[in-house]
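Asker: Let me give you the structure first, and then I'll get to my questions.
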Amino acid sequence: MGCMSYGDPTVAGAHPWALTEDKAAPFFQQAIELGITFWDTANAYQAGTSEEIVGRAIHEYSRREDIVLATKVRGKMHDGPGGVGLSRKAILEQVDASLTRLGTDHIDLYQIHRFDDETPVEETMEALHDVIKAGKVRYIGASSMYAWQFAKLQHTADLGGWTRFVSMQNQYNLLRRQDEPELMAMCGDMGVRLVPYSPNGKGRLARPAGEQSTRSRTDHVVQSFDSPHDEPVINAVQQLAETRGVTMAQIALAWVLRNPLVCAPIVGATKPTHLTQAVDALDLQLSDVEAAALEEPYTNAGPSWF
């Protein structure tokens, strides 16, 4: 369950469509009831208020031991060298801040929120290794970047005898497959597994082409996702969904789950049906012929949000 949808929408830099704690609470309860125990957030989501809500929800609806808790570091939290980036100073400061907001003594998966061009990779990898050795973090992961950048980070970890990344949270869906030949292929070779975000293409694959939601009308991230190449793919998803008698979201997610590198797609929920449809997609098997029909209209337009 992706938790970018939750937090205080009135803080600086927040998504205006974010759900406040009272509105977000039912989704955490629903997630537990459905067996969704991998919860993903980030320090920068709604200026830290997403982490606060997630932390309280764990104690309200589950046990800390039963949740795989993931968060991220790199986004700007405040001015100054400790408030942004992947320097040693920033990582050590921000991991403690995240632990405080989450109300826990450890993070299961600590992910770097993109590559940091301004920090030596040796500094980043050693700092991440140190927070693991300190018991604050169990595993480390990365998020969207070019394959050469990820290779540089992993190779640096090997050279220093430091901890390697175990996961990649990249943008992957029927509309955006640009990572398949390089980044994803390299992850497969390294034994790194994928926890892709936007499996439904920011909702574009969950509804017929041209239909809008509150988020798609107001969110510049979603709007940047649009491409003239998308409509034929969306139409193919709609056609197969109607043929199979399921939702478009189930078709889109079932296609992502066909990839053997994918272990946990990140699904953002703002309506009760979002999580139930995600769970239902686990039992939806697409044939090779159906998958080929979905893939055929694809045009590689590159990443839309990186």
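The values are calculated or read from the model by the stated rules, or taken from the named source; none is laboratory data. These numbers come from a predicted model, not from an experiment. All Cβ positions, glycine included, derive from the backbone under ideal geometry; neighbour counts span all protein chains shown. What goes into the accessible areas is simple: the full protein's heavy atoms, side chains included, and nothing from ligands, DNA or RNA. Shrake-Rupley method; radii C 1.70, N 1.55, O 1.52, S 1.80 Å.
Asker: Quick one: how many residues across region 252-270 are under 19 Å from L34 (Cβ atoms), open to solvent by less than 40 Å² (accessible area, probe 1.4 Å) and part of a helix (DSSP H, G or I)?
Answerer: 4
Asker: Looking at (1) assigned to a strand (DSSP E or B); (2) open to solvent by 20 Å² or more (accessible area, probe 1.4 Å), which is the one condition that is false for L92?
Answerer: Single failed check for L92: (1).
Asker: Of T119, T124, which residue is of a type in the set (V, I, T), within 16 Å of R74 (Cα to Cα) and part of a helix (DSSP H, G or I)? Break it down into steps so the answer makes sense when it comes.
Answerer: Numbers: T119 fails: part of a helix (DSSP H, G or I).
Of the residues listed, the single one that is of a type in the set (V, I, T), within 16 Å of R74 (Cα to Cα) and part of a helix (DSSP H, G or I) is T124.
Asker: Under the condition of being in contact with a Ser or Thr (Cβ under 6 Å, 6 or more places away or on another chain) and open to solvent by less than 60 Å² (accessible area, probe 1.4 Å), which residue from region 271-306 is modelled with the lowest pLDDT? Give the steps one after another, and end with the answer.
Answerer: Here is the first cut: in region 271-306, the residues in contact with a Ser or Thr (Cβ under 6 Å, 6 or more places away or on another chain) are 277, 301, 304-306.
Narrowing further to those that are open to solvent by less than 60 Å² (accessible area, probe 1.4 Å): 277, 301, 304.
On the way: Q277: 97, A301: 82, S304: 69.
Looking at residues that are in contact with a Ser or Thr (Cβ under 6 Å, 6 or more places away or on another chain) and open to solvent by less than 60 Å² (accessible area, probe 1.4 Å), I get S304.
Asker: What are the residues in region 108-134 that are among the small types (G, A, S) and touching a Leu at 6+ places or on another chain (Cβ under 8 Å), if any? First the steps, then the outcome.
Answerer: Start the filter on region 108-134 by keeping residues that are among the small types (G, A, S), which leaves 127, 134.
The answer is A127, and nothing else.
Asker: On to the next question. For a quick check of your reading of the model, give me the residue pairs whose first member lies in region 272-296 and is more than 16 Å from Q30 (Cα to Cα), whose second is assigned to a helix (DSSP H, G or I) and of a type in the set (S, T, Y), with beta-carbon atoms closer than 9 Å and at least 6 apart or on different chains.
Answerer: Matching pairs, first to second residue: E290/T243.
Asker: Please determine whether any residue of region 130-140 is open to solvent by 10 Å² or more (accessible area, probe 1.4 Å), among the aliphatic types (A, V, I, L, M), under 20 Å from the mean Cα position of the chain (by Cα) and under 30 Å from A57 (Cα atoms). Steps first, answer last, please.
Answerer: We begin by selecting, within region 130-140, every residue open to solvent by 10 Å² or more (accessible area, probe 1.4 Å); these are 130, 132-136, 138-139.
With the extra rule that they be among the aliphatic types (A, V, I, L, M), the set shrinks to 132, 134.
Those left that are additionally under 20 Å from the mean Cα position of the chain (by Cα): none.
No; the residues of region 130-140 include none that is open to solvent by 10 Å² or more (accessible area, probe 1.4 Å), among the aliphatic types (A, V, I, L, M), under 20 Å from the mean Cα position of the chain (by Cα) and under 30 Å from A57 (Cα atoms).
Asker: May I ask you to list the residues in region 12-29 that are over 19 Å from the mean Cα position of the chain (by Cα) and assigned to a helix (DSSP H, G or I)?
Answerer: Passing the criteria: E21, D22, K23, A25, P26, Q29.
Asker: Then there's this: Being open to solvent by less than 20 Å² (accessible area, probe 1.4 Å) and in a loop (DSSP other than H, G, I, E, B) is the filter here, so list the residues in region 30-56 that pass it.
Answerer: Here is the first cut: in region 30-56, the ones open to solvent by less than 20 Å² (accessible area, probe 1.4 Å) are 31, 39-43, 46, 48, 50-51, 53-55.
Hits for region 30-56 are T41, A42, N43.
Asker: Would you mind finding the one in D8, D22, D66, D79 that is crowded, with 16+ Cβ neighbours inside 10 Å, of a type in the set (D, E, K, R) and modelled with pLDDT of 95 or more? Step through it out loud before you land on a result.
Answerer: Working: D22 fails: crowded, with 16+ Cβ neighbours inside 10 Å; D66 fails: crowded, with 16+ Cβ neighbours inside 10 Å; D79 fails: crowded, with 16+ Cβ neighbours inside 10 Å.
The unique qualifying residue is D8.
Asker: Can I ask one more? I want to confirm something. Restricting to region 149-195 and keeping residues that are aliphatic (A, V, I, L, M) and open to solvent by 30 Å² or more (accessible area, probe 1.4 Å), which single residue is farthest from R258 (Cα to Cα)? First the steps, then the outcome.
Answerer: As a first pass, look at region 149-195 and keep what is aliphatic (A, V, I, L, M): 151, 153, 157, 159, 166, 168, 174-175, 183-186, 190, 192, 194-195.
Imposing the further condition that a residue be open to solvent by 30 Å² or more (accessible area, probe 1.4 Å) reduces the set to 151, 159, 166, 185-186, 190.
Details: A151: 25, L159: 34, V166: 20, A185: 15, M186: 18, M190: 19 Å.
Within region 149-195, the match that is farthest from R258 (Cα to Cα) is L159.
Asker: Please go through region 242-251 and pick out each residue that is in contact with a Leu (Cβ under 8 Å, 6 or more places away or on another chain) and outside any loop (DSSP other than H, G, I, E, B). Even if it seems obvious, please write down each step before you answer.
Answerer: Kept after step one, since they are in contact with a Leu (Cβ under 8 Å, 6 or more places away or on another chain), are these residues of region 242-251: 244, 246, 248-251.
Matches in region 242-251: R244, M248, A249, Q250, I251.
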